[in-house]
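Nothing in this text is a laboratory measurement; each read-out follows from the coordinates by a stated rule. All figures in this text were calculated on a predicted structure; none of them were measured in a lab. As a convention, Cβ positions derive from the backbone with ideal geometry for all residues, glycine included, and neighbour counts pool all protein chains shown.
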Amino acid sequence: MTHWFHRNPLKATAPVSFNYYGVITGPAASKICSDLRSSRARLLELFTDLSCNPEMMKSAADSYFSLLQGFINSLDESTQESKLRYIQNFKWTDTLQGQVPSAQQDAVFELISMGFNVALWYTKYASRLAGKENITEDEAKEVHRSLKIAAGIFKHLKESHIAKLITPAEKGRDLEARLLEAYIIQCQAEAQEVTIARAIELKHAPGLIAALAYETANFYQKADHTLSSLEPAYSAKWRKYLHLKMCFYTAYAYCYHGQTLLASDKCGEAIRSLQEAEKFYAKAEALCKEYGETKGPGPTVKPSGHLFFRKLGTLVKNTLEKCQRENGFIYFQKVPTEAPQLELKANYGLVEPVPFEFPPLSSHWTPEAMAAFDLTQRPKDDRGKPKPEEVVKPVKEPDIKPQKDTGCSVS
């Protein structure tokens, strides 16, 4: 089965030449700056290259980040920062707030911003793969792993690097802790969607599927709550997605919990559970319409027309009818007025982010290379700040539309 995931746009950035006339006094420094310029340009190209795979992305990212480390950390691995940390101004847009960039004269800002885009690329790669027709088991595993890698990168940025910024991120900007947390949780929830699809395909116990769906719904609810204090003008569409997925997987949980109750001869309670599944499915359907009509960053699609959505509606309807038939012929149980409490805990299949670390300092950073950067020769007016209204061109992303789903299951 294909999946549908909401995606915010990639961050855009101004070009960086790494030309420091007068400061560079030797070929080793010149070579590092040339390699920084080309490896940065290569990495930015790969973000929109549909032929790029995780191995290519990791290689290009490691190449750039290992060189950039020399602008951040001292060569002797002490806690002292590099003398070059504040030599270059970097400009980046945010995924939610349009084309007016944030700018900081700080290599740590560049490291985090580019790392953020690498994580976004993994989510977009997973989304493209998950939307394919006839997705194979290996491809489904790659979707699962890519989302866990993205979660790990976002988590590492949040826990190990955000605090190092001299200028903290403003409210609603990508590098604010709340947004990073929302991205982490969304990646975990989407990876668990793949786990649920696999569990359904392999006909695992309904109790396990219900528990996984319930935990996934809770993830989406938590991500939505994380964004609750942001301006609706730029967060509404993303929040509609998180809310509709919460309702969708709550419906899944009640549907499979109803099957568990029926198997335990609790037919009346099973009917009530399926009625609750119907209610949450109807909520999700209404939110799908609202999502399509809401303006803001993200794709323009109609998720309610997607097969992954329609299949649940059919399953809920058929399971409820089966329970009602059996209650009329066999059980004759009263249907409770209160919905059953979902106190489900999954013991298997819960997703944790893949731990991430930036690569070590490039071997090109020798003491001689560092000494070949002479900051005393830096022009006096080199620290001119960019105008805040300066516009950075948005990234031209490939327009990927969900393909027709043949009904094959995600493995």
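Peptides 92-103, 15-26 ordered by packing proxy, namely the average of other Cβ atoms within 10 Å per residue, highest first: 92-103, 15-26.
Under 5 Å between amide hydrogens, built in the peptide plane, is the criterion, and for ASP374 it picks out ILE24, THR25 among residues at least 5 positions away or on other chains. Helix 177-201 and the longest principal axis of the Cα set of the chain meet at an angle near 40°. Each part gets one Cα centre, and for the range 17-77 versus the range 179-237 those centres are 35 Å apart.
Judged by the mean number of other Cβ atoms found within 10 Å, the most tightly packed of the peptides 3-11, 247-255 leads the ranking 247-255, 3-11.
From most to least packed by mean Cβ count within 10 Å, the peptides 146-156, 132-142, 55-65 give 146-156, 55-65, 132-142. Taken about its Cα centre, the chain carries a charge dipole of roughly 860 debye when the Cβ of each Lys and Arg holds +1 and the Cβ of each Asp and Glu holds -1. The residues neighbouring LEU180, those whose beta-carbon lies less than 15 Å from its own, together hold a net charge of +2 under the Lys/Arg +1, Asp/Glu -1 convention. Gaussian network model of the chain, Cα springs within a sub-10 Å range: biggest mean-square fluctuation belongs to which of HIS204, HIS257, HIS144? In this elastic network of the chain, the residue with the biggest mean-square fluctuation among HIS204, HIS257, HIS144 is HIS204. Based on Cα contacts under 8 Å between residues 6+ apart, the chain shows a relative contact order of 29 percent. Between helix 107-130 and the chain there is an angle of about 40 degrees, using the helix long axis and the longest principal axis of the Cα atoms.
Once backbone amide H atoms are built at 1.01 Å from N, PHE90 has GLN104, GLN105, ASP106 as its partners under 5 Å, excluding neighbours fewer than 5 places away on the same chain. Between 0 and 90 degrees, rounded to the nearest ten: what's the tilt of helix 27-46 against the longest Cα principal axis of the chain? Roughly 20 degrees, rounded to the nearest 10.
Ordering TYR21, ILE271, LEU180 by the projection of their Cα atoms onto the charge dipole of the chain, which places +1 on the Cβ of Lys and Arg and -1 on the Cβ of Asp and Glu, puts ILE271 at the extreme positive end. Compactness ratio for the chain: Cα radius of gyration over 2.2 N^0.38 Å (N = residue count) comes to 1.15.
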